Amino acid sequence: ACGKSGPWPEGMAEIKWDRDTCVRCSMVISDRRFAAEMRGGEKNTVFKFDDIGCAVFWMRDKQKDYPWLMDVATRFWVADVGGTGDKWLEARKVQYTGGRISPMAYNYGAVAYPDAGAVDFEEMRRHVLAKGK
């Protein structure tokens, strides 16, 4: 019974809701439907995000500082938009639906089961980067 409690997948660091901040925008992580987290590198470094869009831009902007960000061995989770921070999905393997109102207005949410019009990670990534925020 020691250690973290909650719905965290193996290897994921606990997100302290309403206290932890997004590494990119510094906004408090409070909307449990859109949070994301990456973990990897030699030091098993953790980055937390309030919106999948922030994670997408962080990956693009910090590749030189953290070359492991794009490595397939890097763990990358995103909250299921239909949940309350209790279900985590592998960010690169799930589908995303647009038309959501997310914390930083990238407006994509991860879904465990694809809806009509859902897109994969790479398509969502292209749309987010095209917004240019």
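Here are the numbers for the structure shown:
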quantity: Residue ID - nearest to the chain's Cα centre (by Cα), chosen from residues in the stretch 95-133 that are within 17 Å of D31 (Cβ to Cβ) and of a type in the set (A, V, I, L, M); calculated: A110
quantity: Restricting the stretch 115-133 to residues that are without any contact (Cβ under 8 Å) to a residue 40 or more places away in the chain and part of a helix (DSSP H, G or I), the residue that is least open to solvent (accessible area, probe 1.4 Å); calculated: F121
quantity: Top-ranked residue of the stretch 90-125 - restricted to ones that are of a type in the set (K, R) and in contact with a strand residue (DSSP E or B) (Cβ under 7 Å, 6 or more places away or on another chain), ranked as modelled with the lowest pLDDT; calculated: R100
quantity: Of all residues making up the stretch 58-89, the number that are under 14 Å from F121 (Cβ atoms) and in contact with a helix residue (DSSP H, G or I) (Cβ under 8 Å, 6 or more places away or on another chain); calculated: 7
quantity: Some residue of the stretch 55-65 being more than 21 Å from M12 (Cα to Cα) and among the aliphatic types (A, V, I, L, M); calculated: no
quantity: Filter result (in contact with a Leu (Cβ under 7 Å, 6 or more places away or on another chain) and outside any loop (DSSP other than H, G, I, E, B)) within the stretch 90-114; calculated: A110
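The values are calculated or read from the model by the stated rules, or taken from the named source; none is laboratory data. Bear in mind that the values here come from a model prediction, so they are computed numbers and not experimental data. So basically every Cβ, Gly included, is an ideal-geometry build from the backbone, and we count neighbours across all protein chains shown. We work out accessible area using only protein heavy atoms, side chains counted, and drop any ligands, DNA or RNA first. Shrake-Rupley method; radii C 1.70, N 1.55, O 1.52, S 1.80 Å.
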